[in-house]
Amino acid sequence: MIRGLQQASRRWSGGFSFAMCLLGVGGLLLACSGGGGGGGGSTSGGGTGAEEIRFSGTAMLLDDSTMGFGATPSASSGIAVTVSSDIDANGSIDSTERGTATTDSEGAFSISAPVEVGTRATVSFEEEGYATQLIVVDINSLSAVTGVNATLSKLRDLNNTGTAWQDRGNTVSVSDIDIASGSARAFNPVTESDRFPGEFADDQGNMLVSGVFAAFDLRDGNGRAVRAVSASNPATVRMKIPRDTWGVLKDLDTSTPDVIDVPMYYFDEDTGEWVREGTGSLEDGDGTPIDAATLATITGAAPTFTGTVYAVSQATHFSYWNVDYPVETHACVSGTITDADGDPVAGASVIIAGVSYTGSSSAVITDASGSFCVDVLRNEDPGE
């Protein structure tokens, strides 16, 4: 048993609220996560001089591609799981910096992978036709990491309309690109935050507040994945922003009143970080740019805007895209995990998830003394 906090809610006075969750210790899965840890076949990477530790958990598939209700996740064998860490900090992952495995019939996996204390690892889950799930883990000790669980959502086929490749519900599309087929999926950061790749933070140390994010799987005429296009000939992505997140929208450049500028990010799967790439804009369902004077009708406490809102941007990378607002004001929530005898527990996974804001941290692994420190959005009210 783990003594003390498994899940708690905390509110900065007059500001943001969050929940702190203990995911798993020694094979036990505790609060704030579904499924259980498990075995399963494994292979390991190595050769960097780094230590190897074991990662385990489960992966489930969720086929809700028809936009209906009532779908439930199911276990599946053969889901590819990779643990990678840019140990030499060169911005890419080579064969000595990863471990791979596939899930067994119960959806369980176990991987031995090279890591170094003080770095982070990215656990990716891939299955054809589903959005890749990527979980970032901060490594603070060499204890095994358990309870790394993921649910992969079914992508939706993109149909060629003649001007764009678009899903049936018109929630996401891509144009100005030479592909033969594709699938994609737009996600609601409020109701589907557990599908968010990595953590709600960028490569510059900012916390992020997301308006919408989307996964893409684009294919050429030979069925090969199209991961990138030339910066001199970018594609265009269009994502429908859910009404749940209209309130986070802001205009980055008030000097252009005819356009509402929004920040765009793509997910770098090698580094496990969100990277800013350019600026997008908002438009309505007919493709007409929304002007700055209209923004108040969208973001107000009781929005009066009756149409739909889309973010449109040029894109050169194709994994995940995101409309995100960086927040520099954040702080560390720290603590210590102990067992029933008061002894420190190393290797516990701790996350913090927003209650009054959309977002969650990466999983932080407690060190040898059972201690952790997790970044959260910080309120700036006087005296805090």
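Read the figures in this text as sums done on the coordinates, not as results from a lab. Note that the structure is predicted; figures quoted are calculated from it, not measured. Positions of Cβ are generated from backbone atoms using ideal geometry, with glycine treated the same way; all protein chains shown enter the neighbour counts.
Brief remarks on what is shown
- Under Karplus coefficients 6.51, -1.76 and 1.60, residue-wise ³J(HN,Hα) of region 203-210 in Hz, glycine/proline x: 6, 9, x, 8, 6, 10, 10, 8
- In the calculated pair-distance distribution of region 263-304, the portion above 18 angstrom amounts to 51 percent of the Cα-Cα pairs.
- Using a Förster distance of 41 Å, the FRET efficiency for Glu106-Ala296 (Cβ separation, nearest 0.05): 0.20
- Cβ-derived FRET efficiency at R0 41 Å, Asp343 paired with Thr254, nearest 0.05: 0.15
- Amide proton proximity set for Glu51, modelled H, under 5 Å, gap of 5+: Val115
- The H on the amide N of Gln133, modeled in the peptide plane, is under 5 Å from the matching H of Phe125, each at least 5 residues off or on a different chain.
- Environment charge at Ser141 (Cβ cut-off 14 Å; Lys +1, Arg +1, Asp -1, Glu -1): -3
- One quarter of the surface of the convex hull around the alpha-carbon atoms of region 108-171 equals 6.4 nm², the direction-averaged projected area.
- Per-peptide average of other Cβ atoms within 10 Å, ordering 100-112, 160-172 highest first: 100-112, 160-172
- Karplus (6.51, -1.76, 1.60) ³J(HN,Hα), θ = phi - 60°, over region 279-286, in Hz, Gly and Pro reported as x: 10, x, 9, 9, 9, 8, x, 8
- Nitroxide proxy distance, nm - points 7 Å out along Cα→Cβ at Ala225 and Thr308: 2.8
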